[in-house]
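Readers should treat all values here as calculations from the given coordinates under stated rules, not as data from a laboratory. Computed from a predicted structure; not experimentally measured. Counting neighbours? That spans all protein chains shown, and the Cβs are built from the backbone with ideal geometry, glycine included.
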Amino acid sequence: PALLLPAAAGLVLTPATRTHSSAAAPHARPTIRAVLDVDVSQQRVPVPAAFFEKSDGLLNGKAAYDEMYQRSVDDPSAFWGEVASQFHWEEPWSEVMSYNFAPSKGEVFTSWFKGGKTNVCFNALDRHVAAGHGDQVAFIHEPNEEGETVKSYTYAEVLDEVQRLANVLKEKGVRKGDRVSIFMPMVPQLPIAMLACARIGAVHSVVFGGFSAEALSGRLIDAQSTVVLTADGVMRGVKPINLYDIVQAATKICGEACMEVEALVVLKRLPDSDKTPTLVEGRDVWWSEAIASADPKCDVEWMDAEDPLFVLYTSGSTGKPKGVLHSTGGYMVYAATTSKYVFDLQDGDTFFCTADCGWITGHSYVTYGPMLNRATQVIFEGVPSYPDNGRLWRIVDEHQVTQIYTAPTAIRALMRSGEGPVKASSRKSLKLLGSVGEPINPEAWRWYFEVVGDSRCPIADTWWQTETGGIMIAPLPLEGWAQKPGSASLPFFGVQPVLITPEGKEIEGPGEGLLAIKAPWPSTIRGVVGDYDRYVTTYFPIEGEEYGYYLTGDGCRRDEDGYHWITGRVDDVINTSGHRIGTAEVESAVVLHPDVAEAAVVGFPHPIKGEGIYIYVTLNEGVEQSDELLQALRMQCRGEIGAFASPDVIHWAPALPKTRSGKIMRRILRKIASKDTDADSLGDTSTLADPSVVDTLIATSPLA
Ligand code: PRX
């Protein structure tokens, strides 16, 4: 097998468990699981009988899944062709699927439903309204302030606002294929903005509202989007976020790079005050005024199945964030199908995904998947901890939520307040609990299952990525499908996970290796904006004898039952509170400070965030370390990336451990950051130019 990516040799495997880590390689990276749980439970938890009192189950038990899964991998074209025919296609496809994952065999590509024409917005809205469901509630807006009166939307109302907004975009000159950026709070108008783009074939690029002006401008320039949908601001908990000011600052940075932002559509979300922005005349319009005067009818643009639907920026191990591209037909089919089966989404359900649409979870499991299934959803503008840690459970009761989908970091944060805030609610409406974004440690799993779900609800621990577009590995709530706390268990239909060695050899049976996927699923990443080479070297560096693999960047262990235990990233990506940040991004931010000579960033196990951000900073000669400098470096990260990139630990490092050729040895920095510093753990330090650096760093650790 050919290994095309030399960097893969630097990949490290992470131990899934403490028991496991004793046998693992010396450079293994400690994980949150290892810290919180002595061993990963092999306990098997059946889907609770109470679940089947609420649901007939969409399939007839695990055996039905087994049969369907087999069919989906034996004949993907027949399987997905049948699934896709449940949607509206203006013109039929001529070929279900073709692909090449092996760079040596020519251009890498994935194609689904070639020649077919459809529109995702039409399938998510018009189809339901035409079938008589216009009066069904689509979005229940749950505001930041509990009790504030805000508008909820029926499917007909969403369709109306989407059409008007689509016409506003057209008036601003947006045409099929143009990229429109969206920098908005998590309110119903955010998915509405995305659907309006999809309606006219504009490619949306949603940027999470927590990013800084610097980060936003980079994404605007890379996507070359000159039209931006935004808001004056939003309250998140007690914190105001002045989105318009951030966009303004970003447009200035764009201007310096010779890119003019030509139009802003601004939603007013905050009450009038002296902070209400004065819009730039000729460039900006208020959302409400623009849609009030817009034509209420907007025909859909029929799109080729392989036309791009959206771009979403995500961090990798090197360089600046990449714009991950997803296309129309395959993404639509996969987002809808995973929503339905993984969450047992059925008529009458009220689905509550706590993710912001600025991340892939909000794309696939707020805007697209549930809407394609005609679900009623809660759109939550606030944060789980405001005004107190009981908020989510009160939302569940108030709106009779049937499925909640959230992240382990939120669960761990809420666990800190104990059972009280949970038990103050009934939660009787819940039938299923979802988890996403990072490994869920068994302790949090058990709390979610026993305390939140009263042992009545199965847990869907869903493993997937921005690049995969939809859920790849997750248990389905079926009779006979036992769950193991901390394992995402088995693949979804059509997904063929394999474990490989860094050399590209497949590992059979139980074992641990790099997680890769053989053959495409419908929402496979289609490209990286403007960078084919990066797309190939990042995701398709490994080729077997017959075919290539999509490389996930995660490590994984497979047990005797074939269950998958994701062990975390094997590259230089930190997963902090379920957000991906490249260590290189944080390093570039810190070294911009004039007092900094050098910086190295690693992740370390953090009890709430999963991984925290740990920065080793070497100051210029003569510069004294100080609290002011510490604060300045934090601000530097916030300013360059966003508040969520603020470091958890800054370690003043007199020097960094380097090889004689000058390469920083990150595995040693990871060990020191996680306080795992006995000689066995540290491994061989003799190749360092100056081994005494290690002792100095251990002695100067701020965690000591
Ligand atoms: O490391 C895996 C982790 O999150 C990464 C993907 O991050 P992102 O593209 O931001 O998408 C997050 C939401 C899908 C993965 O490479 N990850 C995500 N879900 C899980 C997970 N790790 C373990 N278990 C999960 N359920």
If packing is taken as the average number of other Cβ atoms within 10 Å across a peptide's residues, how do 526-534, 471-479, 393-401 rank, most packed first? 471-479, 393-401, 526-534
Highest to lowest packing among 335-345, 490-500, 84-94, scored as the average C-beta count within 10 Å: 335-345, 490-500, 84-94
Using alpha-carbon pairs under 8 Å, 6+ residues apart, how would you state the relative contact order of the stretch 635-704 in percent? 35
The distance between the Cα centres of the stretch 342-403 and the stretch 493-570, in whole Å, is 30
If you take the beta carbon distance between Glu289 and Asp397 as r and set R0 to 41 Å, what does 1/(1 + (r/R0)^6) give as a FRET efficiency, to the nearest 0.05? 0.65
So, with points 7 Å from each Cα along the Cβ direction, the Gln136-Thr696 label distance in nm works out to 6.6
Any chance you could list P(r) for the stretch 156-204, counting all Cα-Cα pairs in 5 angstrom bins from zero, rounded to whole %? 5, 25, 34, 24, 10, 1
With the 8 Å Cα cutoff and a minimum separation of six or more residues, the chain has a relative contact order in percent of 17
For the stretch 458-526, shape from the Cα gyration tensor axes a ≥ b ≥ c, cut at a/c of 1.5 then a/b versus b/c, turns out oblate
Here the gain from full extension of Thr659 to Ala597, 0.36 nm per residue of separation minus their alpha-carbon distance, amounts to 20.5 nm
By average C-beta atoms within 10 angstrom, highest first, the peptides 646-653, 384-391, 504-511: 646-653, 384-391, 504-511
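Net charge near Pro491, counting Lys/Arg +1 and Asp/Glu -1 over other residues with Cβ under 12 Å of its Cβ?
Net of charged neighbours comes to +1.
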Hey, what's the Cα Rg ratio for the chain versus the globular rule of thumb, 2.2 N^0.38 Å? 0.93
With a Förster distance of 51 angstrom and the Cβ-Cβ distance between Ser77 and Cys258, calculated FRET efficiency to the nearest 0.05 equals 0.65
Added length on full extension, which subtracts the Cα-Cα distance from 0.36 nm per residue, Glu506 to Ala704: 67.1 nm
Taking H as built 1.01 Å from N, whose amide H comes closer than 5 Å to the amide H of Ala231, not counting residues under 5 places away? Tyr244, Leu267
Round to the nearest 0.05 the FRET efficiency obtained for Ile221 and Gln43 when R0 = 35 Å and r is the Cβ-Cβ distance. 0.10
Can you return the aspartates and glutamates within cross-link range of Lys114? Criterion is Cα-Cα under 18 Å, with same-chain partners fewer than 8 residues away left out. Asp75, Glu82, Glu90, Glu91, Glu95, Glu301, Asp304, Glu306, Asp307
HN-Hα J couplings of the stretch 52-64 from phi, Karplus 6.51/-1.76/1.60, θ = phi - 60°, integer Hz, Gly and Pro as x? 6, 6, 8, 9, 7, x, 7, 10, 7, x, 4, 4, 5
Which aspartates and glutamates, on any chain, are close to Lys340 with Cα under 12 Å apart, when same-chain ones fewer than 8 places away are left out? Asp349
Which of the residue pairs Lys54/Lys431; Lys320/Lys658; Lys176/Lys322; Lys172/Lys297; Lys484/Lys609; Lys54/Lys428 have a Cα-Cα distance greater than 18 Å in the structure shown? Lys320/Lys658; Lys176/Lys322; Lys484/Lys609
Reachable aspartates and glutamates, given that their alpha-carbon falls under 14 Å from the alpha-carbon of Lys105 and they are not under 8 places away in the same chain: Glu543, Glu545, Glu546
Measure out, as a whole number of angstrom, how far apart the alpha-carbon centroids of the stretch 242-277 and the stretch 589-642 sit. 28
